[in-house]
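What follows is a set of notes on a single structure, which appears directly below.
Computed from the coordinates by the stated procedures, all read-outs in this text should not be read as laboratory data. All values derive from a computational prediction rather than experimental measurement. Counting neighbours? That spans all protein chains shown, and the Cβs are built from the backbone with ideal geometry, glycine included.
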Amino acid sequence: MNKIHAMTEPLQASLQYAYTLTEDSDNYGNPVLWLKLEDKRDLLNAARVVANLGGRCVTATAYKTEEGHTLIYHLDIDGILLNIEAYTTDHTIDAITPLLPSADWAEREFREMYGIEPVGHPNNERLFLDESLMKGVLNRYIPLSKMMLGVSESDILWERVEKEKRA
Amino acid sequence: MSERVTIGPFHPELEESVYFKLSANDDKVVTHVDLINGFIHRGMESLVTQKNFMQNLILTERVCSLCSNNHPFAYALAVEKIAGVKVPRRAEALRVVADEVKRAASNLFNLAMLAHLIHHHDLMKETMETRELMQDLKEIIWGNRMDMSANTLTGVKYDLDDEKIDLILKTLETFTPKLASLTEQYEHDEKVVARTVGIGVLPKADALRLGVTGPVARGSGINNDVRVKAPYALYDELKPKVTLRDAGDVHARAMCRLGDITEAVRMIKEVVKNLPEGEIALAKRPHIPAGEATVRVEAPRGELIYYLKTDGTQKPVRMRWKVPTYTNWEALKVMILGSKVSDVTLILNSIDPCISCTER
Amino acid sequence: MEQTVKPRLFRINTGSCNGCDVEFVATAFVPKFHLDQLGVELVDRIEDANILVITGPMTARSQAFFEEAVSKVKPPYVVVGVGTCSVTTGIFRDSYAIYGPLDKYIDVDVNVAGCPPRPQAIAEAIAQGVKILQSKLLDQPMPTKLETIFTDFEAPESYRGRISLDAQKCTACRTCETVCPSGAIKITKTLEGYEHTIWHNTCCFCGNCSYYCPTGAIFTTNDFHTIQRQEEKYTDTHVALIPFHECEDCGKNFIPATEALIHRSYPKEEVPEMLTKSCPECRKRTTFERCYR
């Protein structure tokens with residue numbers, strides 16, 4: 001428990017705005033912490049503590065909400081998993097990559113998948129998405145072919161199978 | 001004078017498509033590295049939200065064929081956490097067996113590619129043929145050489161009877177001396193040593209900064225193996241002894257992988273000899289309420305994390321995963337800078353890159 | 001096999017999960033798969049190739065590079081599509097990042113479905129490719145049916161190969177259709193009953209259908225011979241009719257519970273006769289009437 005305390009204490013001390021911190025565990029008793037920030041400006045404060053404790057960024061998850069986007073940074077400090085949740089309504093968040101270089105790809109990825117700008121990120125290049133695909137593809141939920149043609153590739157292929165069956 | 005060299009995206013020495021743009025000086029030493037990704041990006045995080053929880057057992061398996069067991073394994077752990085169910089102990093044991101067989105086969109494939117890239121054909125053939133023992137085992141017990149379809153929600157789809165346990169033990173008996181011989185060769189063989197020692201070095205400080213995991217971390221002296229740091233299934237009892245090296249070179253990473261195989265053999269034997277009695281999965285299909293979970297497992301290449309968010313329907317609202325290569329990839333730049341152009345694909349292979357995993 | 005030309009092979013991965021590519025390496029370097037018998041040379045440059053082995057569902061980023069690469073190949077050449085993804089994009093279909101299947105961008109000669117196909121199937125597909133290459137070079141007519149070249153390959157009983165269906169046991173409940181991750185099963189209503197179609201070329205051979213099937217009607221066989229000409233792409237299906245029965249009371253069409261399903265519900269007791277003879281509506285009415293008579 002001391003190990004968790006050594007983590008949560010400086011973390012809580014660093015935060016300037018409201019937050020909730022919950023202690024959970026996986027199905028095998030390994031601790032998993034969830035820190036939900038009321039204000040995204042606290043993200044850098046928390047990231048700085050993680051960097052000081054020798055932690056690393058495992059990855060980050062983004063998803064769309066009605067008002068904007070939720071972002072969850074998944075961080076590791078010597079085997080303890082810390083999830084930091086923040087939300088943004090203006091498509092920006094302060095990049096933590098300058099503090100935790102392990103966040104490099106994670107932040108670039110939500111930039112291209114959701115169009116959320118990690119402000120202050122050192123690398124502007126695209127990661128996976130081909131230029132022919134629009135940024136923010138994951139903000140939509142339907143396949144591109146269905147949107148553009150009104151039919152999906154599955155519809156087209158199965159129609160052909162049905163035709164051959166009747167032939 | 002500087003020369004520009006491109007490798008890829010389609011190249012016989014690249015298992016998966018990736019595009020390198022390098023600058024090299026007159027001595028053929030790399031002075032600048034540019035890596036272009038995205039050839040294997042299939043939009044899978046969008047696809048998983050279009051499919052139901054049963055379909056996703058298989059879709060996650062198709063993220064990558066080399067760590068194909070880890071994905072549905074981690075995915076199932078996330079669902080089980082949200083559903084609040086405990087998996088039967090026999091199922092936990094069977095999950096370990098499937099995973100370690102996969103780990104052994106995956107690592108051997110990477111080692112075979114190493115031998116291939118240094119043109120050591122006898123060693124490559126020997127490694128591939130040793131791997132075939134695992135491939136045959138997978139085909140007989142699980143029905144496919146790459147995609148085992150071992151996991152289901154709340155347990156596993158397969159069981160082991162005495163006959164199958166016997167087959168596993170006999171296979172391991174044949175396998176063990178071959179593995180010992182391979183370990184000896186990768187450690188000391190002149191050709192291997194000449195091409196891999198001191199090549200593609202990742203210093204410990206860089207490894208820490210970049211957050212690398214798996215054999216890439218362990219080759220640089222860092223142990224962040226999930227099976228040790230946050231044990232799941234039966235790993236808390238099995239206590240895997242991971243191999244650590246400090247050289248941080250191609251050779252060190254290869255030796256960590258061989259160490260993992262030796263441990264895999266030990267753990268498989270231990271588990272199948274003491275297989276707990278009981279069910280292989282819960283009889284009732286789990287109710288998956290609204291919730292979220294983050295879980296981790298150790299894939300052959302390192303840490304794999306799954307985040308799952310559900311809303312009580314039959315499909316995930318959001319699912320994201322991060323594979324070891326995702327963070328190990330940036331380390332390539334450190335390893336390649338200052339290396340010979342002729343070593344680039346060898347160095348790439350030394351992180352055991354799983355591009356399909358990384359780009360999803 | 002008599003040969004007139006040296007087959008020179010180049011592999012292209014258009015975005016696969018690497019399963020087919022790994023198995024291709026096994027096929028090429030493990031002697032038991034006989035690829036050496038074909039005298040195939042693996043070439044370093046696509047320009048030198050006359051056999052293209054192509055894997056993957058053709059991702060958005062691969063497409064332009066792919067078209068540029070294959071434009072350098074001089075005819076005659078043969079294209080072998082390896083793996084379900086290359087044939088129909090399989091499990092990845094309908095994603096924003098998938099531009100395949102392969103035959104939109106190049107004329108395919110031989111397909112081999114599988115996820116991944118076993119090396120024995122890949123070797124067979126390449127052998128067929130070599131044969132077709134010779135026919136092309138000699139201007140001979142293309143074979144209409146492929147005769148198996150490597151006849152000594154076997155598969156273990158448990159191998160998850162082609163899916164089959166025992167129509168006697170099927171109740172058209174659509175479980176298999178629902179759990180199939182790659183859209184390989186379609187159940188459609190016709191005048192006679194329900195038509196159950198399995199399209200092998202988009203199957204990912206995972207066995208989810210048989211695992212979840214409540215009656216054991218759908219099952220995997222160990223048949224791994226999925227090698228075929230492009231012309232057979234849409235016709236390699238397993239079609240079965242689950243016929244309607246006429247209700248003995250009202251005469252309406254219905255699908256009776258099969259014996260396999262009934263035995264799950266009544267493992268010990270005697271099975272009520274009306275289960276197989278009356279439609280659900282009439283059974284409900286009969287039961288109701290019996291209770292309140």
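Modelling each spin label as a point 7 Å along the Cα-to-Cβ direction, I'd like the B:Thr176/C:Thr237 distance in nm, to one decimal.
Taking the two extended label points, one gets 5.4 nm.
Could you give the dipole magnitude of the range B:145-231 about its Cα centre, charging the beta-carbon of Lys and Arg +1 and that of Asp and Glu -1, in debye to the nearest 20?
540
Could you list A:Trp105, A:Trp34 so that the one with the fewest beta carbons within 10 Å of its beta carbon is first and the one with the most is last?
By the 10 Å Cβ count, ascending: A:Trp34, A:Trp105.
Just to check I understand the Karplus step: with θ = phi - 60° and J = 6.51 cos²θ - 1.76 cosθ + 1.60, what whole-Hz values come out for the range C:116-123, glycine and proline as x?
Using θ = phi - 60°, the values come out as x, x, 5, x, 4, 6, 5, 4 Hz.
Seen from all sides and averaged, what is the projected area of the convex hull of the Cα atoms in chain B, in nm²?
One quarter of the hull surface, i.e. the mean projection, equals 17.0 nm².
How large is the helix-only mean residue ellipticity at 222 nm for chain C, computed as the sum of -39500 (n - 2.57) over DSSP H runs with n ≥ 4, divided by its residue count, in deg cm²/dmol to the nearest 500?
Per the formula, -7500 deg cm²/dmol.
Let me check against my output: what whole-number percent is the relative contact order of the range B:237-317, with C-alpha pairs under 8 Å and at least 6 apart?
The value is 19 percent.
If you take the beta carbon distance between A:Glu38 and A:Ser14 as r and set R0 to 25 Å, what does 1/(1 + (r/R0)^6) give as a FRET efficiency, to the nearest 0.05?
That gives a FRET efficiency of 0.95.
Quick one: Cα centre-to-centre distance for the range C:198-263 and the range B:209-272, in angstrom?
After rounding, the separation between the Cα centres reads 44 Å.
Just tell me how shielded A:152-163 is by partners: mean number of partner chain Cβ atoms within 10 Å of each residue's Cβ, no decimals.
6
First check a/c for the range B:231-276, with a ≥ b ≥ c the square roots of the eigenvalues of its C-alpha gyration tensor; if it is under 1.5, answer rounded, and if not, answer prolate when a/b is larger than b/c or oblate otherwise.
Note, shape of the range B:231-276 comes out prolate.
Would you tell me the mean number of C-beta atoms belonging to other protein chains that fall within 10 Å of each C-beta in C:176-187, as a whole number?
Taking all residues of C:176-187 together, the mean is 4.
Just grab the label-to-label distance for A:Ala6 and B:Lys164, each label 7 Å out from Cα along the Cβ direction, in nm (one decimal).
If labels sit at A:Ala6 and B:Lys164, their model points lie 4.4 nm apart.
Compute the relative contact order of the range B:42-335 as a whole-number percentage, counting only Cα pairs closer than 8 Å that sit 6 or more residues apart in sequence.
27
Which Cys in chain B stand alone, with every other cysteine's Cβ at 4.7 Å or more from theirs?
B:Cys67, B:Cys256
In nm, what is the difference between 0.36 nm times the number of residues separating C:Tyr212 and C:Cys250 and their Cα-Cα distance?
10.4 nm
What does the C-alpha gyration tensor say about the overall shape of the range C:246-292? Classify as rounded when a/c is under 1.5, otherwise prolate if a/b is larger than b/c, or oblate.
In terms of gyration-tensor shape, oblate.
What is the calculated FRET efficiency for C:Thr148 to C:Glu259, with r their C-beta to C-beta distance and R₀ = 35 Å, to the nearest 0.05?
0.45
Counting helices only, and only those DSSP H runs with n ≥ 4, report the 222 nm mean residue ellipticity of chain B as the sum of -39,500 (n - 2.57) divided by its residues, in deg cm²/dmol to the nearest 500.
After summing the helix terms and dividing by the residues of chain B, the value is -15500 deg cm²/dmol.
Identify which of B:Lys125, B:Lys284, B:Lys269 has the largest mean-square fluctuation in a Gaussian network model of chain B, with springs joining Cα atoms closer than 10 Å.
Evaluated over chain B, the most mobile residue of the options is B:Lys284.
When a/c reaches 1.5 or more, the comparison of a/b and b/c decides; with that in mind, is the range B:48-127 rounded, prolate or oblate per its Cα gyration tensor?
oblate
With each pseudo-label sitting 7 Å past Cα toward Cβ, what's the B:Ser2-A:Glu117 distance in nm, one decimal?
About 2.9 nm separates the two model spin labels.
Could you pull out which residues in the range C:64-80 have an amide N less than 16 Å from a spot 7 Å beyond the Cα of C:Glu41, following the Cα-Cβ vector?
Only C:74 fall inside the zone, counting backbone N under 16 Å.
By how many nm would the segment from B:Asp246 to B:Asp311 grow when fully extended, if each residue of separation counts as 0.36 nm and the alpha-carbon distance is taken off?
Additional length available on full extension: 18.8 nm.
So for each of C:134-140, C:8-14 I average, over its residues, the number of other beta carbons within 10 Å; can you give me the resulting order with the highest mean first?
C:8-14, C:134-140
Taking each residue in C:53-59, count the Cβ atoms of any other chain within 10 Å of its Cβ, then average. What number comes out?
3
Taking a virtual spin label 7 Å from the Cα of B:Arg89 along the C-beta vector, which residues in the range B:217-245 bring their backbone nitrogen under 18 Å of it?
Of the residues in the range B:217-245, B:232-239 have backbone N under 18 Å from the label point off B:Arg89.
Over the range C:8-137, what relative contact order in percent results from Cα pairs under 8 Å that are six or more residues apart?
The normalised contact order for the range C:8-137 reaches 30 percent.
Kindly state, to the nearest 0.05, the FRET efficiency for A:Arg48 paired with B:His32, given R0 = 35 Å and r defined as their beta-carbon distance.
0.65
Could you name the lysines in cross-link range of C:Lys72, using Cα to Cα under 26 Å and dropping any fewer than eight places away on the same chain?
Of all the lysines, those that pass the test against C:Lys72 - Cα under 26 Å, at least 8 places apart if same chain - are B:Lys21, C:Lys6, C:Lys104, C:Lys131, C:Lys136.
Based on the Cα atoms of the protein assembly as shown, what semi-axes does the equivalent ellipsoid have, where each is the square root of 5 times one gyration tensor eigenvalue, given in whole Å with the largest first?
Largest first, the protein assembly as shown gives 41, 36, 27 Å.
Based on DSSP, what percent of beta bridges with both residues in the protein assembly as shown are antiparallel, to the nearest 5?
That works out to approximately 75 percent antiparallel.
Would you mind calculating the gained length between C:Glu192 and C:Lys6 on full extension (0.36 nm times residue separation, minus the Cα-Cα distance), in nm to one decimal?
Result: 61.6 nm gained on full extension.
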